[in-house]
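Report on one structure; see the data block that follows.
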Amino acid sequence: MRLSGHTQLCSAMAVCGAICLLLTVGTGSGSLTTGQQPAPACAEASPLILSRGGVAPTGWSLASLPATETLALALAELRSPVTTPPLTRGMVAAVLILLGTSLALLLRRHLSRLKSITAALETQRNDLQQAEEALQKALGEWQGTFDAVSDVIWILDLEQRIVRYNRATSELFGEATEGILGRRCCEVVHCLNAPVTDCPFPRMVETLKRQSMEQQFGHRWFLISVDPFLDTAGSLKGAVHIVSDITERKVRELRDQLRSAVFEKIARGGPLPETLDVLCRTVETEIQEVVCAILLVDESGRGFCCSAAPNLAAPLVACLDGEPIAPEFCPCSTAVTTRSRAVANDLAAAPPGTLLATALEAGYRSCWAEPILSVTAVSLDT
């Protein structure tokens, strides 16, 4: 509506100029005042803007005056009390019409340009809104992918400070992730103020390639790798720090190594106690939080001989070595007698003074035994 109003105003200015011309010409069509002489013929070639005395000033032209000053002078001539020839007044009115028409065309041109600019701005606004929506969608998809990875992923700056982490971090560290942003990775992982000796980050800075290390925490093994984060110019801006749980792989590797050691000792005819010791360690590697002992049946077939127990408590080793085989004695005796697995789930229920009570005092909570049979199904040990 505002644009339409300006257009109507311009049209009204042009109409007013036309009416003014008609009135002026009509007034000038009557007889001339007595003593008034017609305008000389050379007046047609004189400037349109005349002075109050009817003589144009020298040294200037209509084109040299701004439109506003020209309009003001023209209006002054119309209001002038000095008698002006009708033809001159008509020419002034024509100037007014020309100026009004020019202003109207100019306004229309600017309004049309303004409409074009407004439409272009609206298009840009829609494009920016669509780009923002696409960016938010891409950011959400990236964050979803970032959190879907089971490995712990951190984005580090050049000072090894954590600037972003994924959901797996909370699963690994639990409530310790509160306030993790801005802290150095060595503070979070190793609880140290400086990187560890084999930290892969300094090596990555030197080579601008992936560097890694294996670290054991308790019974779990982790692969810590650091990848460089480069900008378009190839300059280092940070790093991607990945922590992967490789416990299962390490257990398989250790198990294979121990089994190979057992087979090697057997093949070379090594001492039986050494071979059994490696076998116990293999079992303890495959099954976490257990200790293993191998008891051989002595030559009389009535008692045990503790042949290998690398990590068993010493008081318990002393009790097992030389003890008689009796079903009520312990699961080891039961397994040898029944030639099947024997289990004691709760050592807290063991009678005082028994082997199971001694095991409870040593810190164990349960035990089980498996018989080892010969090719003739005779129990050799447990």
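Can we say residue 301 is modelled with pLDDT under 80, at positive phi and in a loop (DSSP other than H, G, I, E, B)? Explain how you work it out, then say what you get.
Working: modelled with pLDDT under 80: yes; at positive phi: yes; in a loop (DSSP other than H, G, I, E, B): yes.
Judged against the criteria, residue 301 is a match.
Within segment 291-315, residues that are among the basic types (Lys, Arg) sit with their Cβ atoms under 8 Å from residues that are part of a strand (DSSP E or B), at 6+ positions apart or across chains, in these pairs: 302/324. Checking each residue in segment 324-356 for being among the hydrophobic types (A, V, I, L, M, F, W, C) and surrounded by 15 or more Cβ atoms within 10 Å (Cβ to Cβ) picks out 325, 329, 330, 332, 335, 336, 342, 344, 347, 350, 355, 356.
For segment 158-178, indicate whether the set of residues that are surrounded by 10 or more Cβ atoms within 10 Å (Cβ to Cβ), on the phi > 0 side of the Ramachandran plot, modelled with pLDDT of 90 or more and assigned by TED's automatic domain parsing to the domain that holds residue 201 is non-empty. Steps first, answer last, please.
In the first step, residues of segment 158-178 are kept if they are surrounded by 10 or more Cβ atoms within 10 Å (Cβ to Cβ); the result is 158, 160-173, 176-177.
Of the ones still in play, those that are also on the phi > 0 side of the Ramachandran plot are 160.
From what is left, the residues that are modelled with pLDDT of 90 or more are 160.
Right, trim to assigned by TED's automatic domain parsing to the domain that holds residue 201 and you get 160.
The answer is yes, given that some residue of segment 158-178 is surrounded by 10 or more Cβ atoms within 10 Å (Cβ to Cβ), on the phi > 0 side of the Ramachandran plot, modelled with pLDDT of 90 or more and assigned by TED's automatic domain parsing to the domain that holds residue 201.
I need the strands (runs of 3 or more DSSP E) fully contained in segment 185-245, keeping only those with at least 1 residues that are in the same structural domain as residue 170 (by TED's automatic domain parsing), of a type in the set (Val, Ile, Thr) and modelled with pLDDT of 85 or more. In segment 185-245, the matching strands (runs of 3 or more DSSP E) lie at 220-230, 236-245.
Of the residues making up segment 341-372, those that are in contact with a Cys (Cβ under 7 Å, 6 or more places away or on another chain) and of a type in the set (S, T, N, Q) number 1. For the residues 334, 358, the requirement of being in contact with a helix residue (DSSP H, G or I) (Cβ under 6 Å, 6 or more places away or on another chain), of a type in the set (Val, Ile, Thr) and over 18 Å from residue 280 (Cβ atoms) singles out 358.
Inspection of segment 283-296 finds a residue satisfying the criterion of being more than 29 Å from residue 218 (Cβ to Cβ) and part of a strand (DSSP E or B).
Just the residues that are closer than 15 Å to residue 187 by Cα and not in a strand (DSSP E or B), please, taken from segment 146-157. Hit for segment 146-157 is 157, nothing else.
With respect to residue 224, is the statement that it is surrounded by 10 or more Cβ atoms within 10 Å (Cβ to Cβ), aliphatic (A, V, I, L, M) and over 23 Å from the mean Cα position of the chain (by Cα) true? No: the conditions fail for residue 224. Contact map, segment 211-233: first residue over 13 Å from residue 247 (Cα atoms), second residue modelled with pLDDT under 90 and among the basic types (Lys, Arg), Cβ cut-off under 6 Å, separation 6 or more or different chains; the map is empty. Here residue 144 passes the criteria (1) surrounded by 12 or more Cβ atoms within 10 Å (Cβ to Cβ); (2) not assigned by TED's automatic domain parsing to the domain that holds residue 223 except the one numbered (1). Among the residues here, residue 136 qualifies as at pLDDT below 90, surrounded by 10 or more Cβ atoms within 10 Å (Cβ to Cβ), polar (S, T, N, Q) and not assigned by TED's automatic domain parsing to the domain that holds residue 230.
Hey, residue 112 hits all of (1) without any contact (Cβ under 8 Å) to a residue 40 or more places away in the chain; (2) surrounded by 15 or more Cβ atoms within 10 Å (Cβ to Cβ); (3) in a helix (DSSP H, G or I) but one; which does it fall short on? Single failed check for residue 112: (2). Selection of segment 237-269 for residues being out of contact with any Ser or Thr (no Cβ under 8 Å at 6 or more places or on another chain) and over 24 Å from residue 220 (Cβ atoms) yields 237, 238, 263, 264, 267, 268, 269.
Of the residues making up segment 326-348, those that are among the aliphatic types (A, V, I, L, M), free of Cβ contacts under 8 Å to residues at least 40 places away in the same chain and within 15 Å of residue 368 (Cβ to Cβ) are 342, 343, 344, 347.
The values are calculated or read from the model by the stated rules, or taken from the named source; none is laboratory data. None of the values given here were measured: they were computed from a predicted structure. Glycine also receives a Cβ, built like all others from the backbone with ideal geometry; neighbour counts cover every protein chain displayed.
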